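Here's the structure we're looking at; comments come further down.
Bear in mind these aren't lab numbers, they're just calculated from the coordinates by the rules spelled out. If you're wondering where the values come from, they're calculated on a predicted model, not measured in any experiment. So basically every Cβ, Gly included, is an ideal-geometry build from the backbone, and we count neighbours across all protein chains shown.
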Amino acid sequence: MRVLVVEDERKMAEALRKGLESDGYSVTIAGTGEDGFYRATTETFDAVVLDLMLPGRDGLEILAAMRHRELLIPVLILTSKDTLKDRVSGLNAGADDYLIKPFALSELLARMRALLRRGKAEVAGRLQLADLEMDVSKHHVARAGRELTLTAHEFSLLEYLLRHREKVVSREMLGRDVWRETSRHTPLDNVIDVHIARLRRKIDDPFRGKLLHTVRGVGFILREGGD
């Protein structure tokens with residue numbers, strides 16, 4: 001597996017190289033935003049570890065440009081910024097995961113493995129979290145082997161949540177990306193809440209272990225465990 005690390009701090013870059021190589025990855029280092037973008041768009045990698053604060057192009061610019069070119073390489077963002085606004089900006093730009101500095105090497109490696117497993121599944125049009133599975137091309141959803149019947153909007157909502165699994169999704173994101181509404185109105189929030197409730201009844205209520213959680217005052221998250 002080839003990994004591109006875009007990081008301008010030399011000590012951090014070398015620590016990442018050493019850690020990733022110890023787990024069997026082949027690592028290429030880019031020390032500037034321009035070099036990172038050039039390598040990401042001209043060479044073949046299985047994943048990218050991308051710092052946000054870079055000389056030249058910053059990480060979000062690089063990520064947005066990659067996604068604009070339809071480069072679907074899994075991207076893990078590294079940053080010292082930890083506000084909800086920063087996380088949402090990174091996810092909206094096309095990040096697959098977000099890791100806050102400082103972090104443990106073991107967590108980085110675990111997230112890399114998860115990203116690469118997820119990427120393989122999504123290439124085939126299959127999304128999965130725990131025992132919840134979706135085949136996008138066949139429009140098929142099942143949990144614990146039991147087929148679920150969803151409306152078109154419920155399917156689109158669940159697909160979006162699965163593609164952002166283990167990340168908080170705001171009502172604004174759902175309104176823009178699922179309902180395709182550019183303006184924000186309170187009635188749309190009510191519609192989103194109704195669809196979330198209906199989806200929860202189908203994917204959670206009949207089963208042990210809840211997957212769809214509400215993050216009060218923020219939005220929703222699809223993940224294992226928790227209340």
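Descriptive notes on the structure:
- Prolate/oblate/rounded call for the stretch 125-227, Cα gyration tensor, a/c under 1.5 rounded: prolate
- Magnitude of the charge dipole for the chain, about its Cα centre and with charges confined to Cβ atoms of Lys, Arg (+1) and Asp, Glu (-1), is about 540 debye.
- GNM remark for the chain: springs join alpha carbons under 10 Å apart, and the peak mean-square fluctuation among Glu133, Glu159, Glu107 falls on Glu107.
- In nm, spacing of pseudo-spin labels at Gln128 and Val215 (7 Å Cα→C-beta vector): 2.5
- Positive end of the dipole of the chain (Cβ unit charges, origin at the Cα centre): among Ala104, His164, Val136, the Cα lying farthest that way belongs to Val136.
- Every pair of different Cα atoms in the stretch 1-126 enters the Kirkwood calculation, which places the hydrodynamic radius at 14.4 Å.
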